[in-house]
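The numbers here are math on the coordinates, done by the rules we state, and not lab data. Predicted model only: the values in this text are computed from it and were never measured. Every residue, glycine among them, receives a Cβ derived from its backbone with ideal geometry; neighbour counts consider all protein chains shown.
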Amino acid sequence: MSQTFQPNLDFAAATQAAQDGEALIIDLEGYEGPLHVLLALARGQKVDLLQLSILKLADQYLAFVQQARRAQFSLAADYLVMAAWLAYLKSRLLLPKPEQPRADEAPAQEIAARLAYRLAKLDAMRQAAEALMALPQLGREVFARGDPQSMTVIPSGRIEGDLYGLMSAYIGQRTKEASRRYSPAPPTAYPLEEARDRLRRLLPELGRWTPLAGVAPLESGGSGPSRASYLASTLSAGLELVREGALEARQLEAFADIYLRSRKVNAA
């Protein structure tokens, strides 16, 4: 499990204390990783993050890691890896550029620019998070209002009454709440017997294939059955007539329209 470290002093004072050999005060649960340490040290340079001195930043970070180790705290691996990587980057920045750079390795200046860009992005994200946390929060700066219709304000500083009046007011309020509840009417279904009788009357008119929607009544309006109920009952009645041999039904493919027609009886 990784551990984080943060000096109790400000970063400029912490760097000066590390250079003077003074004890560095370490506070656990401060930083959120080595990039956070680098960002805090970079802010101490008081310059644009994209124009900061990588060499100075590397020296400050190495001094921070060295003082943390002297305080006998076990540093996490990612802090030590960052220290080794910064030392490598510093050496590449100080050494002369090779005449023929390696194709599989980016120039040191480009790597330093990438690091500065990552620190700038981290700084922008942390500032955005701090701005969000500074906004008014529900229950702290702002509060939800109650229901103004659930209470009656009596414009008097003195309330008179007895136990009977108190109970009557409570029962009246409960009755008002019960009357405001939504109670939808139960749906009305199209009776299956009525659908069967209607289909039997329509048998002489169903000499050609007719879609189910053209056979069902599909009456709309009022408090009668819904369209789905008309279709379902007509389909069920039609299947019973198909079983009895009075109707024929077909469907060309799954989820396609269903067609009905009267069954043709061959003359003997």
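Peptides 232-242, 58-68, 188-198, 250-260: what's the order by average Cβ count within 10 Å, highest mean first?
Values: 232-242: 18.5, 58-68: 20.7, 188-198: 15.5, 250-260: 11.6.
Ranking, from highest mean packing down: 58-68, 232-242, 188-198, 250-260.
Give the lysines reachable from LYS56 as a straight Cα distance under 25 Å; neighbours fewer than 8 places away on the same chain don't count.
LYS46, LYS90, LYS97, LYS121
Give me the compactness ratio for region 192-262, meaning the Cα radius of gyration over 2.2 N^0.38 Å.
Values: Rg = 11.8 Å, N = 71, 2.2 N^0.38 = 11.1 Å.
Ratio of Cα Rg to 2.2 N^0.38 Å: 1.07.
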